[in-house]
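Colleague: Would you mind keeping the following structure in view while I ask a few things?
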Amino acid sequence: MASRRKTDDDTLFSRAARAGGDGSAQAPLADRMRPRTLEEYAGQSRVVGPGRLLERLIREDRVPSIVLWGPPGVGKTTLGRVIAERTKAFFVPFSAVLGTVGELREIVAAAKERLSYRGERTIVFVDEIHRFNKSQQDAFLPHVESGTITLIGATTENPSFAVNAALLSRAKVFRLEALSEAELSGVLRRALEDAERGLGKLGVTADGDVLEAIARAARGDARRALGTLEVAALGAARAGAGAITLESIAEAEETAPLLYDKAGEEHYNVASAFIKSMRGSDPDAAVYWLMRMLEAGDDPLFLARRMIIFASEDVGNADGRALVVATSADAAYRRLGMPEGIYPLAHAAIYLACAPKSNAVKNAWQRAKRLIDDRGALPVPKKLRNAVTKLMKDEGYGRGYSYAHDFEGGVVPGETYLPDEIADERLYEPSDRGEEVRIRARLAELKRPR
């Protein structure tokens, strides 16, 4: 039964095996070096370290429905394979890219029969579960809920966005982090020295600084790091060189794309860091996160729009020029395009980060909205209404209105302009920063009895 469980012709892992995932020399190094046990598994000590919850569940073969969430190359599929090796349940790998709902129905039907006649559990491992749409994910729900199958999903997307809430509530999420440079260096060293599955038979060596350079460039992705090492080692062996050099790495290394998805969580993470850096008055961080988004291909007009909002929300009247700078940057970018458009965008980001901050404008309109929500549409005081007909004049429209320009300083002493029921409300409270210090003093002067 165990052999049938792991060599089912239509499963994801068996397809990988036919491609060399069984450790054959034709397979990529990253596939050959996949850990087969928890002891070989690199990193993720917070999740599968000794005594941790998931480590205990795997060892005791009591794995519930779970979602493994993390960036590419951190070991999500590998952890699925480790579970496959240890479990006594029937293990069915299933790809959200290649599989269909029809195939899932067949898996569920077989799982029901297995459970009824042999009392055997079925674990379904779904790689890239975020590729399933809502209806496809819903197909799992009743079978997970009834215990017919145990679901293990792997995803690079935030499950809060990518997995249905109903399905997510029935699974425990484990977050896998990008591997550290030290952990990647250890993986590379083992691959270089392993004569059975790795590159040991090539007789090629590499200094620690070389492995560190590969690990640094891989940005936490073990698959990418091992791919670079393999190309560099094979190149060194063909050239008759005994060691991999930093120069040979540069030739073997492909430029790693930034971890970023304009429609996914990382987009919002970086955008949040950008806004908070400007709010925190850190121009270095602000321009760094700005360039992170631009380099990843984000829409520059999205960034310009965010800075226009920020100029009113977080700077406001503490520096009235901030909104002018932000809108000018938007207009300048629209005229210049890229790459010259980076200048006005960076100009605005740095200006906004350095500007004095006040959220008094935001507080004012939010207080006004709460008043409207609480009190409804209060009538306009008659003195503020225009009497455009005789009837309206007879009704008292405009009666008692004082023309502000007829008074000293252009202000009518003691006059109010809010509805009578809320005439004493104060919605705009200037801060003690920037230009709002002057505004606060002026408003205090205007309210002083004359």
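The values are calculated or read from the model by the stated rules, or taken from the named source; none is laboratory data. Small disclaimer: the values here were computed from a predicted structure and weren't measured. Cβ atoms come from the backbone with ideal geometry, glycine included; neighbour counts cover every protein chain shown.
Colleague: Based on what the data block shows, is GLU254 of a type in the set (D, E, K, R), in a loop (DSSP other than H, G, I, E, B), surrounded by fewer than 20 Cβ atoms within 10 Å (Cβ to Cβ) and at pLDDT 80 or above?
Modeller: Working: of a type in the set (D, E, K, R): yes; in a loop (DSSP other than H, G, I, E, B): yes; surrounded by fewer than 20 Cβ atoms within 10 Å (Cβ to Cβ): yes; at pLDDT 80 or above: no.
No: the conditions fail for GLU254.
Colleague: Still on this structure: Could you tell me which of the residues PRO344, PRO419, PRO413, PRO339 is in the same structural domain as TRP289 (by TED's automatic domain parsing) and modelled with pLDDT under 90? Break it down stepwise before answering.
Modeller: On the way: PRO344 fails: modelled with pLDDT under 90; PRO419 fails: in the same structural domain as TRP289 (by TED's automatic domain parsing); PRO413 fails: in the same structural domain as TRP289 (by TED's automatic domain parsing).
When all the criteria are applied, what remains is PRO339.
Colleague: Which one of these does GLU421 not meet: (1) of a type in the set (Asp, Glu); (2) in a helix (DSSP H, G or I); (3) out of contact with any helix residue (DSSP H, G or I) (no Cβ under 9 Å at 6 or more places or on another chain)?
Modeller: Answer for GLU421: the failing condition is (3).
Colleague: Just one of the numbered conditions (1) outside any loop (DSSP other than H, G, I, E, B); (2) exposed (fewer than 15 other Cβ atoms within 10 Å of the Cβ) is not true of ARG440; which one?
Modeller: ARG440 satisfies every listed condition except (2).
Colleague: Under the condition of being surrounded by fewer than 21 Cβ atoms within 10 Å (Cβ to Cβ) and of a type in the set (A, V, I, L, M), which residue from segment 31-53 is nearest to THR150 (Cα to Cα)?
Modeller: Applying the filter and picking the extreme gives LEU53.
Colleague: In segment 396-432, what residues are of a type in the set (Lys, Arg) and within 19 Å of TRP365 (Cβ to Cβ)?
Modeller: Scanning segment 396-432 gives a single hit, ARG426.
Colleague: Which condition from (1) over 30 Å from ALA311 (Cα atoms); (2) free of Cβ contacts under 8 Å to residues at least 24 places away in the same chain is the one that GLU421 breaks?
Modeller: Condition (2) is where GLU421 drops out.
Colleague: Now a separate question. Is it fair to say ARG190 is at pLDDT 90 or above, under 23 Å from ARG52 (Cβ atoms) and among the basic types (Lys, Arg)? Step through it out loud before you land on a result.
Modeller: Working: at pLDDT 90 or above: yes; under 23 Å from ARG52 (Cβ atoms): yes; among the basic types (Lys, Arg): yes.
Yes: the conditions hold for ARG190.
Colleague: Of the conditions (1) over 28 Å from the mean Cα position of the chain (by Cα); (2) more than 27 Å from GLU421 (Cα to Cα); (3) of a type in the set (Val, Ile, Thr), THR327 fails just one. Which one is it?
Modeller: (1) is the only condition that THR327 fails.
Colleague: Quick check on THR122: is it closer than 19 Å to THR87 by Cβ, without any contact (Cβ under 8 Å) to a residue 60 or more places away in the chain and polar (S, T, N, Q)?
Modeller: Working: closer than 19 Å to THR87 by Cβ: yes; without any contact (Cβ under 8 Å) to a residue 60 or more places away in the chain: yes; polar (S, T, N, Q): yes.
Answer is yes for this residue.
Colleague: In addition: At least 2 residues that are among the charged types (D, E, K, R) and in contact (Cβ under 8 Å) with a residue 12 or more places away in the chain in each: list the helices (runs of 4 or more DSSP H) lying fully within segment 329-412 that qualify.
Modeller: Ranges flagged: 360-375.
Quick grid of which residues meet (1) acidic (Asp, Glu); (2) buried (at least 22 other Cβ atoms within 10 Å of the Cβ); (3) at pLDDT 85 or above:
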{"residue": "ARG86", "(1), (2), (3)": "no, no, no"}
{"residue": "PHE90", "(1), (2), (3)": "no, yes, yes"}
{"residue": "SER95", "(1), (2), (3)": "no, no, no"}
{"residue": "VAL101", "(1), (2), (3)": "no, no, no"}
{"residue": "LEU104", "(1), (2), (3)": "no, no, no"}
{"residue": "ALA111", "(1), (2), (3)": "no, yes, yes"}
{"residue": "ARG114", "(1), (2), (3)": "no, no, yes"}
{"residue": "GLU120", "(1), (2), (3)": "yes, no, yes"}
{"residue": "VAL126", "(1), (2), (3)": "no, yes, yes"}
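Colleague: Kindly provide the set of residues from segment 287-327 that are closer than 18 Å to SER358 by Cα, touching a residue at least 40 places away in the same chain (Cβ under 8 Å) and in a helix (DSSP H, G or I), ordered by number. Reasoning before the result, please.
Modeller: If we filter segment 287-327 for residues that are closer than 18 Å to SER358 by Cα, which is where we start, we get 306-326.
From the residues that got through so far, the ones that are touching a residue at least 40 places away in the same chain (Cβ under 8 Å) too are 307, 310-320.
If the condition is that a residue be closer than 18 Å to SER358 by Cα, touching a residue at least 40 places away in the same chain (Cβ under 8 Å) and in a helix (DSSP H, G or I), then MET307, PHE310, ALA311, SER312, GLU313, ASP314, VAL315, GLY316, ASN317, ALA318, ASP319 are the ones that fit.
Colleague: Can you pull out the helices (runs of 4 or more DSSP H) entirely within segment 1-77 that have at least 2 residues that are at pLDDT below 80? Break it down stepwise before answering.
Modeller: Values: elements: 2-7, 12-16, 29-32, 45-48, 53-59.
Passing ranges, in order: 2-7, 12-16.
Colleague: Please work out which residue is farthest from ALA42 (Cα to Cα), limiting yourself to segment 205-232 and to residues that are touching a strand residue (DSSP E or B) at 6+ places or on another chain (Cβ under 6 Å) and crowded, with 16+ Cβ neighbours inside 10 Å.
Modeller: Taking segment 205-232 first, the residues touching a strand residue (DSSP E or B) at 6+ places or on another chain (Cβ under 6 Å) are 205-206, 210, 232.
Those left that are additionally crowded, with 16+ Cβ neighbours inside 10 Å: 206, 210, 232.
Numbers: ALA206: 20, VAL210: 20, ALA232: 22 Å.
Here the residue is ALA232.
Colleague: Regarding segment 261-272, can at least one residue be identified that is in contact with a Pro (Cβ under 7 Å, 6 or more places away or on another chain) and modelled with pLDDT of 85 or more?
Modeller: No, the conditions are met nowhere in segment 261-272.
Colleague: Name the residue, out of ALA191, ALA154, ALA178, that is touching a Pro at 6+ places or on another chain (Cβ under 7 Å), crowded, with 18+ Cβ neighbours inside 10 Å and in contact (Cβ under 8 Å) with a residue 40 or more places away in the chain. Quick ask: steps written out before the conclusion?
Modeller: Working: ALA191 fails: touching a Pro at 6+ places or on another chain (Cβ under 7 Å); ALA154 fails: touching a Pro at 6+ places or on another chain (Cβ under 7 Å).
Result of the check over ALA191, ALA154, ALA178: ALA178.
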